[in-house]
Amino acid sequence: MTTYYDTDERLPRLALYAMLTVLMLFARCPKCRAQVHFQFNTSTVVMVDTAGQMDVGSASWPVIASGDSLLIGCPARPLLWHRISWVKMDDGSLHFLSPYFIAHYLPGPGGQSLYIRPMGAIREMEFYEKPTKKI
């Protein structure tokens, strides 16, 4: 009678890949690791597609710029961009410009806003925060 063991020879390789992935995430941007540039929840989202059709709606999505990443958290399909190096202006706004992606963040007193122009089916997106009243 032969004894069969249920071992997966791929397990050590998968564990190594997982460990390398975690190490690469922490080594991406050593000077800006874990630095949150801005963070807010949206109240209004404006999208313009390549055909010029504009959609405006209210949505409560988290917008987080941390390290060299920008995450816009639509529950169904979050949007994520990497290798973003923000340039801070004198007025506190942040800009990023590349041939394939443009982003502009305004911290304004009337609420925060983010304008992005990604390459793809959506031509422009704007995210606005409705400020909460302080008592």
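Values quoted throughout were computed directly from the atomic coordinates according to the rules given, and no laboratory measurement underlies them. Because the structure is predicted, anything quoted here is derived from the model rather than measured. All Cβ positions, even for glycine, are placed from backbone atoms using ideal geometry, and neighbour counts span all protein chains on display.
Here are some notes:
- In a DSSP loop and with at most 14 other Cβ atoms within 10 Å, the chymotrypsin sites (Phe, Trp or Tyr not before Pro) in segment 45-108 are Y100.
- Karplus 3J(HN,Hα) series, Hz, for segment 38-43 with 6.51 cos²θ - 1.76 cosθ + 1.60 (x for Gly, Pro): 7, 7, 7, 9, 6, 10
- Backbone phi angles across segment 58-73, fed through the Karplus curve with coefficients 6.51, -1.76 and 1.60 (θ = phi - 60°), yield HN-Hα couplings of 9, 8, 10, 10, x, 10, 10, 10, 10, x, 10, 10, 10, 10, 10, x Hz in residue order; Gly and Pro are listed as x.
- Segment N41-A59, extension gain: residue separation times 0.36 nm, minus the distance between their alpha carbons: 5.6 nm
- Close amide H contacts of K130 (hydrogens built in the peptide plane, cut-off under 5 Å, sequence separation of 5 or more or a different chain): S43, T44.
- Based on C-alpha pairs under 8 angstrom that are at least 6 apart in sequence, segment 33-128 has a relative contact order of 25 percent.
- Shape category assigned to segment 33-128 from the gyration tensor of Cα positions, a/c cut at 1.5: rounded
- Here the Karplus curve 6.51 cos²θ - 1.76 cosθ + 1.60, taken at θ = phi - 60°, turns the phi angles of segment 84-92 into couplings of 9, 10, 6, 10, 8, 9, 5, 7, x Hz, with x standing for Gly and Pro.
- For G108, distant residues with modelled amide H under 5 Å away: S113
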